[in-house]
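Here's the structure we're looking at; comments come further down.
The values are calculated or read from the model by the stated rules, or taken from the named source; none is laboratory data. Nothing here was measured: the structure is a model prediction, and the numbers come from that model. As a convention, Cβ positions derive from the backbone with ideal geometry for all residues, glycine included, and neighbour counts pool all protein chains shown.
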Amino acid sequence: MTAPLIVTADFAPADFAFLDAERRAHFPPERNILAAHLTLFHALPPSVESEARRRLAAAADRTAPRAILARIYSLGSGVAYAVQSRDLDNIRAQIANAFTGCLTAQDAHGWRPHVTIQNKVTSSVARELLIAKQRNFVPRPLGLAGLSLHRYLGGAWETVQSWRFRGA
């Protein structure tokens, strides 16, 4: 396979339902081809698939990382929930370290964990949603259930494998 690999953190069922409903409600329908997701890596080379599987299995062999939906912020042409999790930051850093030299510029530089609920809209539409969401927003725990490896198929993703955190 020559398709890049994507790594995501998987949400607990109730949090997935909430975030995916937010995405379906606010993302332009013609562009919303993916469910709500939290990307750890956007494009690992396909040549590291076996090693990625080993590392993700090992990373998931622990209790679920603690995380919170910390705030809502502007993407300019969209809106996202910022995710804070030292535990997930550490998991990502360990994996990034293992793949030093294989990471794209996007994956090698700073990581801003977030869940996009709106994108590719005008700045005024995004600003309206941001203001509306910020009005009632309260930070809340975010359940993380595991890690997944996907293959990028030119827009859509094919899930290669998922690993659940211990006890998730």
Residue among Leu34, Leu19 that is in contact with a His (Cβ under 9 Å, 6 or more places away or on another chain), closer than 12 Å to Val115 by Cβ and not in a strand (DSSP E or B): Leu19
Identity of the residue in the range 100-124, touching a His at 6+ places or on another chain (Cβ under 7 Å) and surrounded by fewer than 18 Cβ atoms within 10 Å (Cβ to Cβ), that ends up farthest from Leu38 (Cα to Cα): Thr104
Scope the range 106-122; condition assigned to a loop (DSSP other than H, G, I, E, B) and either in contact (Cβ under 8 Å) with a residue 40 or more places away in the chain or among the hydrophobic types (A, V, I, L, M, F, W, C) (or both); matching residues: Trp111, Pro113, Asn119, Lys120, Val121, Thr122
Inter-residue pairs, beta-carbon under 7 Å, first touching a residue at least 12 places away in the same chain (Cβ under 8 Å) and farther than 10 Å from Ala67 by Cβ and in the range 134-145, second in a loop (DSSP other than H, G, I, E, B) and among the aromatic types (Phe, Trp, Tyr), 6+ apart: Ala145/Phe165
Filter pass, Arg92 being of a type in the set (D, E, K, R) and either more than 16 Å from Leu142 (Cα to Cα) or touching a strand residue (DSSP E or B) at 6+ places or on another chain (Cβ under 8 Å) (or both): yes
Given (1) in contact (Cβ under 8 Å) with a residue 40 or more places away in the chain; (2) under 16 Å from the mean Cα position of the chain (by Cα); (3) closer than 20 Å to Leu19 by Cβ, index of the condition Asp89 fails: (1)
Unique match (being within 26 Å of Thr2 (Cβ to Cβ), part of a strand (DSSP E or B) and at pLDDT 95 or above) among Val83, Val160: Val160
